[in-house]
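See below for the structure under consideration.
Taken together, the values in this text are just the output of simple stated rules run on the coordinates, not laboratory data. Owing to the predicted nature of the structure, the values given are computational and were not obtained by experimental measurement. With ideal geometry, Cβ positions are generated from the backbone for all residues, glycine too; neighbour counts draw on all protein chains shown.
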Amino acid sequence: MKDLHVKFLALALLFFAFSLVCNKANTLGLPSFPSEEVEVWSIETRVVFKPEEGPVKIRFALPNAPEGFVIADENFVSGKYGLAYESQYENRTSE
């Protein structure tokens, strides 16, 4: 009876870990075992421009999660420039 709280905590952690694995496999469609394969796309874009006089504004369309695909992660690097995101209805853009 002394270690009941430790057993309960261990059981709760096991349940939490099992639910994370199930979520990874069912929701994201990622493989459960190393022998399984899944198609992963990595998309990289680069914008290069030579500004003339005055300020410049670039608008870049961002993809939504198309049917059958999941956007697992997005990273943006803007260097010395500002970066803002905008969503209108189902369209996403970065400026």
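Against the chain, whose longest principal axis is taken from its Cα atoms, helix 4-26 shows a tilt of about 40°. Here log10 I(q)/I(0) by the Debye sum over Cα atoms at q = 0.12 Å⁻¹ was computed from the coordinates, and among (1) -0.32; (2) -0.68; (3) -0.51 the match is (2).
Here the calculated FRET efficiency for F16 and E52, from their Cβ-Cβ distance with R0 = 35 Å, stands at 0.05, rounded to the nearest 0.05. For the chain, a Gaussian network of Cα nodes joined below 10 Å ranks L13, L30, L62 by mean-square fluctuation, and the top entry is L13. The simple Förster model, with R0 at 30 Å and r as the Cβ-Cβ distance, assigns T93 and V40 a FRET efficiency of 0.75. The calculated 222 nm mean residue ellipticity attributable to helices in the chain amounts to -8500 deg cm²/dmol, summing -39500 (n - 2.57) over DSSP H runs of n ≥ 4 and dividing by all residues.
Which longest uninterrupted range of the chain lacks any chymotrypsin sites (Phe, Trp or Tyr not before Pro) assigned by DSSP to a loop state (not H, G, I, E or B) and surrounded by at most 14 other Cβ atoms within 10 Å?
1-40
Of all trypsin sites (Lys or Arg not before Pro) in the stretch 27-94, which ones are in loop regions per DSSP and have a Cβ with at most 10 other Cβ atoms within 10 Å? The partial results should precede the final answer.
On the way: sites: R46, K57, R59, K80, R92; in loops: R46, K57, R59, K80.
Those satisfying the criteria are R46, K57, R59, K80.
Sorted from longest to shortest, the spans of the Cα atoms of the stretch 5-51 along the three principal axes equal 65, 30, 16 Å.
Per residue and in cubic angstrom, what volume does the convex hull of the Cα atoms of the stretch 46-95 have?
Details: hull volume 4.8 nm³, N = 50.
Value for the stretch 46-95: 97 Å³ per residue.
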